[in-house]
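The values are calculated or read from the model by the stated rules, or taken from the named source; none is laboratory data. Everything numeric here is computed off the predicted structure, so don't read it as measured data. Here Cβ is always computed from backbone atoms with ideal geometry, including for glycine, and neighbour counts include all displayed protein chains. These area figures cover heavy atoms from the full protein model, side chains too; ligands, DNA and RNA do not enter into them. Shrake-Rupley method; radii C 1.70, N 1.55, O 1.52, S 1.80 Å.
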Amino acid sequence: MRFLDDLSKLDMEYEMTELGEKPFRGRQLYKWMYSKGVFDFQEMTDLSKQLRQKLKQRYSFRKIEVIEKKKSQNDGSTKLLLELDDRNRIEAVILKDGERLTGCVSTQVGCRMGCSFCSTAKIGLIRNLKIGEIVRQIIIMNRILNDQDEKLSNIVFMGMGEPLDNLDNLNEAIRIILDESGLNFSHRKVTVSTCGMADELNKMYKELDSPVNLAVSLNFTDNEMRQKFMPVSKKYPVESLIATLKKLPVQKRKRITIEYVLIKDINDSWKDAKYLAEMLRGLPVKINLIVYNDSDIGFNSAAEKNVFAFQKVLQDKGFSAFIRKSLGSDIEGACGQLYARYNKKI
Ligand code: SF4
């Protein structure tokens with residue numbers, strides 16, 4: 001039995017020709033799945049009963065079920081714990097920021113990047129998510145929002161996992177998300193967030209027709225420090241990462257978002273802010289300063305006065321620097337925390 005949602009649109013067309021059908025049947029299936037959110041052959045009523053039967057004998061869809069839903073009392077964000085076929089669990093979060101509803105999507109079960117301030121890192125990498133498992137998180141979030149006459153306005157790949165470590169499936173998922181006969185999002189509304197896999201970044205920009213937005217989780221300016229907290233820096237030192245960013249074919253009017261999570265007494269001094277400004281000089285960026293959610297893995301939120309001082313240094317140097325609320329902080333908003341707690345419980 002094959003899972004249809006592991007396939008790209010082109011592969012679905014090919015599969016149908018293998019079945020003795022016309023390629024457009026593949027496009028019909030694709031539309032049912034990603035435009036209408038239907039993952040049951042019986043409901044695909046423009047396919048003959050005979051064909052539906054044939055499909056049922058050969059193919060299936062991956063299971064992805066909501067097993068826990070937590071809504072933040074502070075800001076209305078909703079965190080979902082989802083269970084997959086193999087009983088692995090991932091998270092997806094609907095982040096509510098005023099009118100804007102952003103779907104935060106996972107790309108892996110766990111992560112192998114090993115960032116020491118991150119709960120997901122403690123899990124390690126269990127496996128990459130398949131194409132459909134990535135896209136269906138968005139369909140599930142939209143289904144939940146639909147009950148309130150709302151829908152996601154933005155997508156960010158910032159859930160569990162390093163998106164660029166699952167590049168082929170990520171790119172295919174993005175194609176479906178942007179496709180008019182798929183989820184039909186504008187490329188301006190989709191952001192990939194990376195810890196800094198420079199080679200894969202180049203590859204992503206080469207392979208995608210529509211450039212999506214980019215966010216880089218930088219967090220440290222000093223290489224030694226970054227290597228200590230974010231081991232990806234051993235392969236891609238800060239300087240080479242910044243050099244890669246400078247050469248990326250980022251579209252005019254699109255700025256790279258630099259994410260900087262402020263952790264108490266680790267990277268929140270005015271000196272760090274000064275180095276950051278020097279490092280980013282000449283790059284089209286905006287900087288998001290994110291106050292770390294207190295966690296049970298030994299790190300704490302930066303003090304408010306340090307956060308404002310940090311922002312001021314950057315603004316004085318001419319950068320757009322924004323302090324971002326920690327959305328969903330009362331629902332274990334840092335990535336991986338809900339998963340970690342759930343696994344402790346069982
Ligand atoms: S912060 Fe992101 S890249 Fe780093 S370990 Fe966590 S999920 Fe992976």
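How much of the accessible area of the stretch 64-345, probe 1.4 Å, is carbon plus sulfur, in whole percent? That fraction is 46 percent. Each residue was assigned an accessible area with a 1.4 Å probe, and for ARG255 the value is about 110 Å². Label separation (ASP265 vs GLN42): 6.1 nm, computed from points 7 Å beyond Cα along the C-beta direction. The C-alpha atoms of the chain define a longest principal axis, and helix 198-207 lies at about 40 degrees to it.
Dipole of the stretch 73-143 computed with +1 at Lys/Arg Cβ and -1 at Asp/Glu Cβ about the Cα centre; of THR102, ILE134, GLY124, farthest Cα towards the positive end is GLY124.
Its alpha carbons give the stretch 2-60 an Rg and a Dmax of 10.0, 25 Å.
For the chain, modelled as a Gaussian network with Cα springs under 10 Å, which listed residue fluctuates most, LEU152, LEU82, LEU55? Result for the chain, Cα springs under 10 Å: LEU55 fluctuates most.
For the stretch 180-271, a crude dipole built from +1 on the beta carbon of Lys and Arg and -1 on the beta carbon of Asp and Glu, taken about the Cα centre, is about 300 debye to the nearest 20.
In order along the stretch 212-219, the phi-based Karplus estimate (6.51 cos²θ - 1.76 cosθ + 1.60, θ = phi - 60°) of 3J(HN,Hα) comes to 8, 6, 10, 10, 10, 7, 8, 6 Hz; Gly and Pro are listed as x. When only the Cβ of Lys, Arg, Asp and Glu is charged (+1, +1, -1, -1), the dipole of the chain relative to its Cα centre reaches about 300 debye.
Grab the alpha carbons of the chain, take their convex hull, and tell me the volume per residue in Å³.
On the way: hull volume 48.1 nm³, N = 346.
In the chain, the Cα convex hull volume per residue is 139 Å³.
The portion of the accessible surface of the stretch 2-60 made up by carbon and sulfur, rounded to a whole percent, is 46 (1.4 Å probe; DNA, RNA and ligands excluded).
Would you work out if the stretch 5-132 is rounded, prolate or oblate? Take a ≥ b ≥ c from the square roots of the eigenvalues of the alpha-carbon gyration tensor; rounded if a/c is under 1.5, else prolate when a/b is larger than b/c, oblate otherwise. Could you put the intermediate results ahead of the total?
Working: a/c = 2.65, a/b = 1.85, b/c = 1.43.
Prolate, because a/c is 1.5 or more and a/b exceeds b/c.
Along the axis of the charge dipole computed for the chain (Cβ charges of +1 for Lys and Arg, -1 for Asp and Glu, origin at the Cα centre), the listed residues ALA173, PHE61, ASN213 are led at the positive end by ASN213. Using the empirical formula 2.2 N^0.38 Å as the baseline, the Cα radius of gyration of the stretch 205-250 reaches a ratio of 1.30.
Can you tell me the accessible area per residue over the chain, all protein chains present, probe 1.4 angstrom, in square angstrom? If you can, show how the numbers build up before the last one.
On the way: 16290 Å² over 346 residues.
I get 47 Å² per residue for this part.
Run the numbers for SER116 and SER240: contour at 0.36 nm per residue of separation, minus the present Cα-Cα distance, in nm. Display every interim value, and only then the final one.
Numbers: separation 124, 0.36 × 124 = 44.64 nm, distance 2.14 nm.
Taking SER116 through SER240 to full extension adds about 42.5 nm, to one decimal.
By the Cα gyration tensor, the stretch 74-195 has an equivalent ellipsoid whose semi-axes, rounded to whole angstrom, run 22, 17, 14 from largest to smallest. Could you tell me the center-to-center distance, by alpha carbons, between the stretch 118-174 and the stretch 221-272 in angstrom? About 23 Å separates the Cα centre of the stretch 118-174 from the one of the stretch 221-272.
Using C-alpha pairs under 8 Å with a sequence gap of at least 6, the mean separation divided by the residue count of the chain gives a relative contact order of 15 percent.
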